[in-house]
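In what follows, a single structure is set out as structure tokens and then discussed.
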Amino acid sequence: MHLSDLAHPNELHGLSVAELQDVAKQIRERHLEVVSNSGGHLGPGLGVVELTLALYQTLDLDKDRVVWDVGHQAYPHKLITGRYSAFDSLRQQGGVAGYLKRCESEFDHFGAGHASTSISAALGMAMARDRQGLDHKCVAVIGDGALTGGMALEAINHAGHMPDTPLLVVLNDNDMSISPPVGALSSHLNRMRLSPPMQFLSGSVEESMRHLPFMGGDLPPELNRLKESMRRLAVPKVGAVFEELGFTYMGPVDGHDIAEMTRTFQAAHRIGGPVLVHVITTKGKGYPYAEADQVGYHAQSAFDLGTGKARPSKTPKPPSYSKVFGQTLVKICEQDSKVVGITAAMATGTGLDLLQKAVPDQYVDVGIAEQHAVTLAAGMACDGLRPVVAIYSTFLQRAFDQMIHDVGIQNLPVTFVLDRAGIVGADGPTHQGQYDISYLRAIPNFTVMAPKDEAELQRMLVSSLQHSGPCAIRIPRGPGEGVPLMEEGWEPLPIGRGELLREGDDLLIVAYGAMNSKAMATAELLAAKGLESTVVNARFLRPLDDELLHPLAQRIGKVVTIEEGTLAGGFGSAVSESLIDADIKPSILRLGIPDVLVDHATPQQSFEQLGLTPSQMAETILSFCKGSKERNSAAWIQQPNVAVLEN
């Protein structure tokens, strides 16, 4: 069978192991072909090819439910559920998404881009099934890394207390740090424990003995201990933990042995109640470069299949904001032992891998545990350390309560660096950093800022570490502006003070963060049309520089705010509220992201779709200025990417 001919995943049922191995080969070839050309996640999917095929041999995907944790390990799932031909469009605008989406396929039973959600979702589906009197299977597939997330452990704790609710959790362990060796002995113990004789000893014999006249319905303590000892004899140490939590543990199983996994999954479905099957896989399986460098090949930009090397960029780019942050923090840590960098399993993405290598004693990785990371930092700050928590904007959402309760209310000097703030591109809605402006500006005692370029980022980091309360700095994904950088000796910025970049009498443009360069380009386009603009780099969201903004808004009378974040409760709202509270009533145009989900595309395509390129913003502003002359009454006007308040 060729994958291009596969119309439904159930068509794989009944294929021989040899035929399934051929399908596995085709999946890897297609996966590598597409990702090497367009980029995407690589290692996770390559590691679960056989796991996917074996699991789906035991399921009817017309009714059974499968929840893949995160989704980047589900590329094989996509390739056998109708997206083989369209897979060339992976992570491209209008194409196949990089994560699972319920709206993309009937077989994507639950969407996710954040880790540790699968067991909760699958348990919810199982409970819904039972309440409706149905009998289909519910499965969660979760990686060992995602088990560090508290949500996964909460779900395991809940499911373990529901012995009559069938639920299969497949633990995809591609690290092996917590696992015993995979081999004949573990396979033998697993088969022995799940064999009919063992089930007879632990089930039927127990039930029969309970009904003996002299037993009185209960087993004496001695026999209970004997039964428990027999059960534990066949359970590896790692499995005993899950057994104590109420799961039946099976494994470890070779995650690349289709026949063995199929037998194990079939046995798991027969047990009833919560079952955890521990599967050992190799991340990047089948591609030597990915197997050798499992971190580097977790996700890749376009690369040469023969050499494994990334294809060189057509034009050289300035260092990324993440790299500049990491390099700057290393210098600071080398000079101050009280500064500590904290990440939640994203060292490479946030630039903290540089700190890990240079000053490992001042580096902490808590795993996928954002809530813990924030409160850990709060505890450090209580006793004299200066923690710097580097987490993606989208992932910090998961620790909102801790930011308020543990940091903000107590006014603790913790610095947060929100990477990937704003438009992130191909990862799509689950990863867009569009909400942090709105949620950060509401937290008590926080100072919130965003640099216009990478040099200003360095100064903001120093400013935060010298400040007596909590601070948050948002930085975008991708390269900086290419401005000169200092290697040390950075001057702190005065808290709450903006910067005047350009002067003009017709319009006041107030930009936040990385949108300053686009604001300046927009101002030049407007100047060519005879409209001269004052441009202010706000620098700070909280506190705003009212001393700078209020007189300018009062004098000029037309204000445009530009931000790379959602308009609802965003930067433009903050400026508008500040002016209204001061009884200053200019016409205001807010440019940013409207109340929509920003789908996967290149960042440039997303900016174009949102109307946030300089040429598009210039046209919108010209219409705004023309309209404000023609209308005198107050009115709110909603456009796809703007909100206008006129007086």
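The values are calculated or read from the model by the stated rules, or taken from the named source; none is laboratory data. In this text the structure is predicted, and so the values were computed from the model without any measurement. Please note: Cβ atoms are built from the backbone with ideal geometry, for glycine as well, and neighbour counts cover all protein chains shown. Heads up: the accessible areas ignore ligands, DNA and RNA and are worked out on the full protein's heavy atoms, side chains in. Shrake-Rupley method; radii C 1.70, N 1.55, O 1.52, S 1.80 Å.
A few comments on the model shown:
- Residues located in the stretch 591-608, provided they are open to solvent by 30 Å² or more (accessible area, probe 1.4 Å) and either closer than 14 Å to Gly565 by Cβ or in contact (Cβ under 8 Å) with a residue 60 or more places away in the chain (or both): Asp595, Val596, Leu597, Asp599, Thr602, Pro603, Gln605
- The residue that is farthest from the chain's Cα centre (by Cα), counting only those in the stretch 369-401 that are polar (S, T, N, Q) and buried (at least 21 other Cβ atoms within 10 Å of the Cβ), is Ser393.
- Qualifying residue in the stretch 635-643 (condition: in a helix (DSSP H, G or I) and either modelled with pLDDT under 60 or within 35 Å of the chain's Cα centre (by Cα) (or both)): no
- Failed criterion for Leu354 (all others in (1) part of a helix (DSSP H, G or I); (2) under 19 Å from Gln458 (Cβ atoms); (3) within 17 Å of the chain's Cα centre (by Cα) hold): (3)
- Condition broken by Arg91, with the remaining ones in (1) at negative phi; (2) under 23 Å from the mean Cα position of the chain (by Cα); (3) in a loop (DSSP other than H, G, I, E, B) satisfied: (1)
- Within the stretch 426-442, being of a type in the set (Gly, Ala, Ser), part of a loop (DSSP other than H, G, I, E, B) and more than 9 Å from Asp599 (Cα to Cα) holds for one residue alone: Ala442.
Every residue, every condition in (1) at pLDDT below 90; (2) over 30 Å from Lys137 (Cβ atoms), yes or no:
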{"residue": "Ala268", "(1), (2)": "no, no"}
{"residue": "Lys283", "(1), (2)": "no, no"}
{"residue": "Ala290", "(1), (2)": "no, yes"}
{"residue": "Pro316", "(1), (2)": "yes, yes"}
{"residue": "Val330", "(1), (2)": "no, yes"}
{"residue": "Gln335", "(1), (2)": "no, yes"}
{"residue": "Ile342", "(1), (2)": "no, yes"}
{"residue": "Leu354", "(1), (2)": "no, yes"}
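- Scanning the stretch 409-429 for residues that are over 22 Å from Leu352 (Cβ atoms) and either open to solvent by 50 Å² or more (accessible area, probe 1.4 Å) or among the aromatic types (Phe, Trp, Tyr) (or both) yields Ile409, Gln410, Asn411.
- Candidate set from the stretch 96-117 (those that are closer than 13 Å to Val66 by Cα and touching a Leu at 6+ places or on another chain (Cβ under 6 Å)); member that is most open to solvent (accessible area, probe 1.4 Å): Gly111
- Criterion applied to Asp406, Asp365 was being in contact with a strand residue (DSSP E or B) (Cβ under 7 Å, 6 or more places away or on another chain), open to solvent by 10 Å² or more (accessible area, probe 1.4 Å), among the charged types (D, E, K, R) and touching a residue at least 12 places away in the same chain (Cβ under 8 Å), and the one residue passing it is Asp365.
- Failed condition for Leu153, given (1) modelled with pLDDT of 85 or more; (2) within 30 Å of Ala290 (Cα to Cα); (3) surrounded by fewer than 19 Cβ atoms within 10 Å (Cβ to Cβ); (4) in contact with a Ser or Thr (Cβ under 7 Å, 6 or more places away or on another chain): (4)
- One residue stands out among those in the stretch 118-140 that are surrounded by fewer than 21 Cβ atoms within 10 Å (Cβ to Cβ) and either β-branched (Val, Ile, Thr) or not in a helix (DSSP H, G or I) (or both): the one that is nearest to the chain's Cα centre (by Cα), which is His136.
- Residue count for the stretch 571-629, restricted to those that are touching an Asp or Glu at 6+ places or on another chain (Cβ under 6 Å), within 17 Å of Ser438 (Cβ to Cβ) and not in a helix (DSSP H, G or I): 1
- Some residue of the stretch 38-57 being in a loop (DSSP other than H, G, I, E, B), at negative phi and under 19 Å from the mean Cα position of the chain (by Cα): yes
- Candidate set: the stretch 318-343, residues that are under 16 Å from Tyr392 (Cα atoms) and part of a strand (DSSP E or B); chosen: the one nearest to the chain's Cα centre (by Cα): Thr343
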